[in-house]
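Novice: Below is the structure I would like to discuss, written out as structure tokens.
The values are calculated or read from the model by the stated rules, or taken from the named source; none is laboratory data. Bear in mind that the values here come from a model prediction, so they are computed numbers and not experimental data. Cβ placement follows ideal geometry from the backbone for every residue including glycine, while neighbour counts extend to all protein chains displayed.
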Amino acid sequence: MSDLTQAGVLGLLDAAEKFDQAKGVRFRTYAELRIRGAILDSLRSLDWVPRSLRRQRRELMRAESRLEAKLGRKATDEELASEMQLSLPALEAAREQVRRVEVASFGAESFDRVAALAVDPRSPNPHELLERHEIESLLARAIENLPARERLVLTLYYHEELTMKEVGGILGVNESRVSQIHSKAVSKLRLRLRRDLRPRASLAKSA
């Protein structure tokens with residue numbers, strides 16, 4: 001969970017750094033996509049099953065469905081092997097690999113289904129609340145350590161939801177300068193959070 005939280009926070013910072021208001025997209029919408037993408041990338045990096053094996057499983061299931069729809073019955077091994085352009089031994093080897101993946105995944109999936117029945121979906125997850133509180137505390141401290149002007153830019157842009165041009169009017173600088181200050185502040189926050197979160201992630205893995 002700590003690794004996924006860290007990935008999500010870094011996705012948020014990446015969104016803040018790359019967001020272009022001129023494209024007419026709300027920051028929240030853009031940030032949600034970047035956060036989701038960062039978390040999914042983190043999950044994919046932890047996946048022990050090769051993509052080629054997952055692709056083989058999908059191809060096998062699709063071939064079985066096509067033949068069943070075409071023949072009106074379950075296909076024989078010979079018919080399935082012909083459909084997939086495989087020999088019978090190669091088909092059996094593919095099935096064996098798919099079975100191993102399904103058996104290995106069965107335990108975790110079964111546990112998740114049982115846990116879903118035991119937990120009240122209306123109650124907040126204590127672990128998630130703690131993680132969120134810790135991240136918010138780290139981010140708040142990191143922001144407090146920024147120079148006053150950089151803190152002001154972040155406050156006006158994200159909390160007050162002013163445009164870069166409006167922020168520049170308040171500070172007495174042009175829009176380009178506001179963008180520079182914003183980028184500098186986000187880069188500092190990114191480095192600070194990477195440094196603060198790394199020890200936590202290392203402890204979680206060792207545990």
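To keep it simple, each residue is scored yes or no on (1) modelled with pLDDT under 80; (2) touching a Lys or Arg at 6+ places or on another chain (Cβ under 9 Å).
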residue	(1), (2)
47	yes, yes
55	yes, no
64	no, yes
80	no, no
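Novice: Further, regarding this structure: Please indicate, with yes or no, whether at least one residue in the stretch 100-116 is more than 18 Å from residue 1 (Cβ to Cβ), in a loop (DSSP other than H, G, I, E, B) and modelled with pLDDT under 85.
Specialist: no
Novice: Can you tell me which residue is nearest to the chain's Cα centre (by Cα) among those in the stretch 6-30 that are surrounded by 19 or more Cβ atoms within 10 Å (Cβ to Cβ) and either outside the structural domain of residue 189 (by TED's automatic domain parsing) or within 17 Å of residue 161 (Cα to Cα) (or both)?
Specialist: Here the answer is 12.
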